[in-house]
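Below is one structure, written out as structure tokens, with a few remarks after it.
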Amino acid sequence: MKSFTQNRSQLEELLELLEKDSENIKRVLNTTKSLEAEFEIHAKAETVNDSVKHSPLEKNRIIKTLLFKCGENFAAVMCPGDKRVDEEKLSELTGEEVRMAYPREVKKRTGYVVGGVSPFDLEVKLYACKSIPQGEIRPAAGSRVIGIKTSREKLFNLLEPEIVELAK
């Protein structure tokens, strides 16, 4: 096991985050039992740029899961970390007016917090950008301090998202 060091206040923050996120982490563990993957514990990361600082992965291999309000419904989009979701394309795809979900809506609808939204165990329509690269990728594992390393193929086989190009 690789290690990382933290000072006392960073460790206290890590423990607090793990306590808050423990139910979500367990959700991901239960949902991914059949997925060949490794879990990566890292310093707190609320953005892709934060994640890149704590990972050997390139920015495009860190997969963000974003929640959108589409009319009266919600949809989630898995997108490479170096891209943004084209809301106009998502609106055309869904036939609804689209906006990014507010943090309180994300928490209420998914149970996850912004920065730790995982594509697992979501009860909304799930899309994946075609531009997610082949090979190793890392979406969040229900926490801002844990990611799940797997491959695009394995992730897509488990989640069966609708694969479209929504990235710009």
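The values are calculated or read from the model by the stated rules, or taken from the named source; none is laboratory data. Just so we're clear, the structure is a prediction, and the values are computed from it rather than from any experiment. Backbone-built Cβ (ideal geometry, glycine too); neighbour counts: all protein chains shown.
On the given criteria, is Ser91 within 25 Å of Glu165 (Cβ to Cβ), assigned to a helix (DSSP H, G or I) and at pLDDT below 85? Walk me through how you get there before you give the answer.
Numbers: within 25 Å of Glu165 (Cβ to Cβ): yes; assigned to a helix (DSSP H, G or I): yes; at pLDDT below 85: no.
In short, no.
Take the conditions (1) exposed (fewer than 15 other Cβ atoms within 10 Å of the Cβ); (2) under 14 Å from the mean Cα position of the chain (by Cα); (3) aliphatic (A, V, I, L, M); Val164 misses just one of them, which is (2). Step by step: first the residues of the range 96-111, then only those that are buried (at least 16 other Cβ atoms within 10 Å of the Cβ) and within 14 Å of the chain's Cα centre (by Cα), then the one that is nearest to Gly71 (Cα to Cα). Which residue is that? Taking the candidates together, the pick is Val106. List the number of the failed condition for Met78; all other conditions in (1) under 25 Å from Gln10 (Cβ atoms); (2) in contact with a Pro (Cβ under 6 Å, 6 or more places away or on another chain) hold. Evaluating Met78 over (1) under 25 Å from Gln10 (Cβ atoms); (2) in contact with a Pro (Cβ under 6 Å, 6 or more places away or on another chain) leaves (1) as the failure. Within the range 129-154, being outside any loop (DSSP other than H, G, I, E, B) and either surrounded by 24 or more Cβ atoms within 10 Å (Cβ to Cβ) or under 11 Å from the mean Cα position of the chain (by Cα) (or both) holds for Ile137, Arg138, Pro139, Ala140, Ala141, Gly142, Ser143, Ile146, Gly147, Ile148.
The set of residues in the range 13-30 that are touching a helix residue (DSSP H, G or I) at 6+ places or on another chain (Cβ under 8 Å) and either among the β-branched types (Val, Ile, Thr) or assigned to a loop (DSSP other than H, G, I, E, B) (or both) contains only Ile25. When the range 24-49 is filtered for residues that are in contact (Cβ under 8 Å) with a residue 24 or more places away in the chain, surrounded by fewer than 11 Cβ atoms within 10 Å (Cβ to Cβ) and not hydroxyl-bearing (Ser, Thr, Tyr), the ones remaining, listed by number, are Asn30, Glu36, Glu38. Listed conditions (1) at pLDDT below 85; (2) surrounded by 19 or more Cβ atoms within 10 Å (Cβ to Cβ) are all met by Leu66, apart from (1).
In this structure, is Lys44 assigned to a loop (DSSP other than H, G, I, E, B), of a type in the set (D, E, K, R) and more than 16 Å from the chain's Cα centre (by Cα)? Break it down stepwise before answering.
On the way: assigned to a loop (DSSP other than H, G, I, E, B): yes; of a type in the set (D, E, K, R): yes; more than 16 Å from the chain's Cα centre (by Cα): no.
So Lys44 fails the test.
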